[in-house]
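Enquirer: Here's a structure for you.
The values are calculated or read from the model by the stated rules, or taken from the named source; none is laboratory data. Just so it is clear, the structure is predicted and the values come from calculations on it, not from any experiment. Glycine also receives a Cβ, built like all others from the backbone with ideal geometry; neighbour counts cover every protein chain displayed.
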Amino acid sequence: MKHVLFAGVAACFALSASAESSLGIDVNKTSYEDSSFEAQSNNISLAYQYRFQDNFSIVGKVGFKAHEDNIDILGSEAKFSIDYLASVFVKYDLMPKETFNAYGLIGYSQAKFQAKNNIFRYEETDSDLSYGLGADYEVAEDIRLYVEAVQLIDTSDAELRSYNIGVQVNF
């Protein structure tokens, strides 16, 4: 499944540039929770969006760690990070041609988590159906600022939520 997800993200980035495409960069505040611990991680993501209909787009995102969190696991301090995030979404824009736009996302995400210290190293890769809401605001011609709240993973083992703020350039 990992190869399918990365192929989908790569396909989004490989679509030819047109007046219906955009590139974005965002900073993510990501919350991880499982039965053992809770942690926060900051990531930076690159996004490519291809609009195939007035209200519908395909969005591919790839994110990498920017910050590790200090956590306590069974009385031992460890560093927690999300090494990568990869997502493919179908995006529905409520008002795509307006200065302010609200939108919904539904898709599939995969993430690799890591907790480590001098004694142990725990790694896990998880994936799940993803969904979220966002809004963007046009600050200049072809430049939009956006905020998003996304439920990336919600399995019986772990839950991963992301709050994003970014900038998008249309071309």
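Enquirer: Mind listing whichever residues of the range 85-113 are part of a strand (DSSP E or B) and either of a type in the set (A, V, I, L, M, F, W, C) or loosely packed, with under 14 Cβ neighbours inside 10 Å (or both)? Step through it out loud before you land on a result.
Expert: So the first thing to find is which residues in the range 85-113 are part of a strand (DSSP E or B), and the list is 85-93, 100-113.
Those that are part of a strand (DSSP E or B) and either of a type in the set (A, V, I, L, M, F, W, C) or loosely packed, with under 14 Cβ neighbours inside 10 Å (or both): L85, A86, V88, F89, V90, F100, A102, L105, I106, A111, F113.
Enquirer: Residues being outside any strand (DSSP E or B) and within 18 Å of the chain's Cα centre (by Cα): count how many of those fall in the range 39-84.
Expert: Just the residues of the range 39-84 that are outside any strand (DSSP E or B), to begin with: 52-55, 68, 74-75.
Adding the requirement that they be within 18 Å of the chain's Cα centre (by Cα) leaves 68.
Number of matching residues: 1.
Enquirer: Among the residues of the range 29-50, what is the count of those that are crowded, with 18+ Cβ neighbours inside 10 Å and at pLDDT 95 or above?
Expert: Kept after step one, since they are crowded, with 18+ Cβ neighbours inside 10 Å, are these residues of the range 29-50: 30, 32, 39, 41, 43, 45, 47-50.
From what is left, the residues that are at pLDDT 95 or above are 45, 47-50.
Qualifying residue count for the region: 5.
Enquirer: Return the total of residues in the range 144-166 being β-branched (V, I, T) and surrounded by fewer than 16 Cβ atoms within 10 Å (Cβ to Cβ).
Expert: Quick first cut of the range 144-166, residues β-branched (V, I, T) only: 147, 150, 153, 155, 165.
Of the ones still in play, those that are also surrounded by fewer than 16 Cβ atoms within 10 Å (Cβ to Cβ) are 147, 155, 165.
Residues in the range 144-166 being β-branched (V, I, T) and surrounded by fewer than 16 Cβ atoms within 10 Å (Cβ to Cβ): 3 in total.
Enquirer: Among the residues of the range 123-143, which ones are surrounded by 14 or more Cβ atoms within 10 Å (Cβ to Cβ) and among the hydroxyl-bearing types (S, T, Y)?
Expert: Across the range 123-143, the qualifying residues are S127, S130, Y131.
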